[in-house]
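Next up is a structure, given as structure tokens.
The values are calculated or read from the model by the stated rules, or taken from the named source; none is laboratory data. Worth saying up front: this structure is predicted, and the values here are computed from it rather than measured. Ideal geometry is used to build each Cβ from the backbone, glycine not excepted, and the neighbour counts take in all protein chains shown. The accessibility values were calculated without ligands, DNA or RNA, using every heavy atom of the protein model including side chains. Shrake-Rupley method; radii C 1.70, N 1.55, O 1.52, S 1.80 Å.
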Amino acid sequence: VAEHAGLHIGATQVMLWLFEQIDGQLALVGQRGLPPPEARKLAMAAVRRGHRSLAPPPKSAGADRSGEGRGPGVVQVAVPLISRGLTVGALGLALEPGNDWGERLALVDVIGGLCSTALDRALLYEAEHEARQTLEFLAAATQLMISAVDPDEVVDHLVHLAVPRLGDWCTAYL
């Protein structure tokens, strides 16, 4: 969504940042173009503020276009990606100068909303998939326990069932 929409509004760079679950830091998970060094700081500012952040402020249409997306006329924009009230990441774009800043920045906000919705759907699908796998595992374990007569056979089958799904190895003491 972001890459295709970014091309439509004249973005020279598109960056997708998501929160790492382990340390709560933003991780760059997708990009088109080389992100500038300040991109992470701008993304974090958008996340902290809860709305769009710009660096530098928009300039006139006659601004210098040098620097392949990092010149003085290029504006770095970051919008937070908010899913069901939780910020899951940020979208960063580098926009070439133009006269239609208000319209383009409104589109950036819409693109951020679309990305948030797409990420939310992906996260919901992943959670549903994991829940379904857990239920399938529990159903298989229950079937093993009610079908076997020998306790050693039950433990052996449960260990074989658990190892690929719950861990790399398993030890059972009887």
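Quick one: in the stretch 50-79, of everything that is open to solvent by less than 20 Å² (accessible area, probe 1.4 Å) and not in a loop (DSSP other than H, G, I, E, B), which residue is modelled with the lowest pLDDT?
That would be Val75.
Any idea which of (1) open to solvent by 70 Å² or more (accessible area, probe 1.4 Å); (2) part of a helix (DSSP H, G or I) is the one Ala141 doesn't satisfy?
Exception for Ala141: condition (1).
Sort out which residues of the stretch 85-104 are of a type in the set (S, T, N, Q) and assigned to a strand (DSSP E or B), and write them in order of number. Walk me through it before giving the result.
Within the stretch 85-104, the first condition is being of a type in the set (S, T, N, Q), and the residues that meet it are 87, 99.
Answer for the stretch 85-104, where residues must be of a type in the set (S, T, N, Q) and assigned to a strand (DSSP E or B): just Thr87.
This table checks each residue for (1) in contact with a Cys (Cβ under 9 Å, 6 or more places away or on another chain); (2) without any contact (Cβ under 8 Å) to a residue 40 or more places away in the chain; (3) more than 17 Å from Ser116 (Cβ to Cβ); (4) outside any helix (DSSP H, G or I).
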position	(1), (2), (3), (4)
Gly6	no, no, no, no
Thr12	no, no, yes, yes
Leu42	no, no, yes, no
Arg48	no, yes, no, no
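Ok, one more. Can you find, within the stretch 114-133, the residue that is nearest to Glu20 (Cα to Cα) among those that are hydroxyl-bearing (Ser, Thr, Tyr) and surrounded by 12 or more Cβ atoms within 10 Å (Cβ to Cβ)? Steps first, answer last, please.
Kept after step one, since they are hydroxyl-bearing (Ser, Thr, Tyr), are these residues of the stretch 114-133: 116-117, 125.
Narrowing further to those that are surrounded by 12 or more Cβ atoms within 10 Å (Cβ to Cβ): 116-117.
Working: Ser116: 16, Thr117: 19 Å.
My answer is Ser116.
Mind listing just one residue for me: the one in the stretch 1-21 that is more than 14 Å from the chain's Cα centre (by Cα) and hydrophobic (A, V, I, L, M, F, W, C) and, of those, most open to solvent (accessible area, probe 1.4 Å)?
It comes out as Leu7.
Now a separate question. Name every residue in the stretch 146-158 that is aliphatic (A, V, I, L, M) and surrounded by 12 or more Cβ atoms within 10 Å (Cβ to Cβ), in order of residue number.
Step one: list which residues in the stretch 146-158 are aliphatic (A, V, I, L, M), which gives 146, 148-149, 154-155, 158.
Of everything in the stretch 146-158, those that are aliphatic (A, V, I, L, M) and surrounded by 12 or more Cβ atoms within 10 Å (Cβ to Cβ) turn out to be Ala148, Val154, Val155, Leu158.
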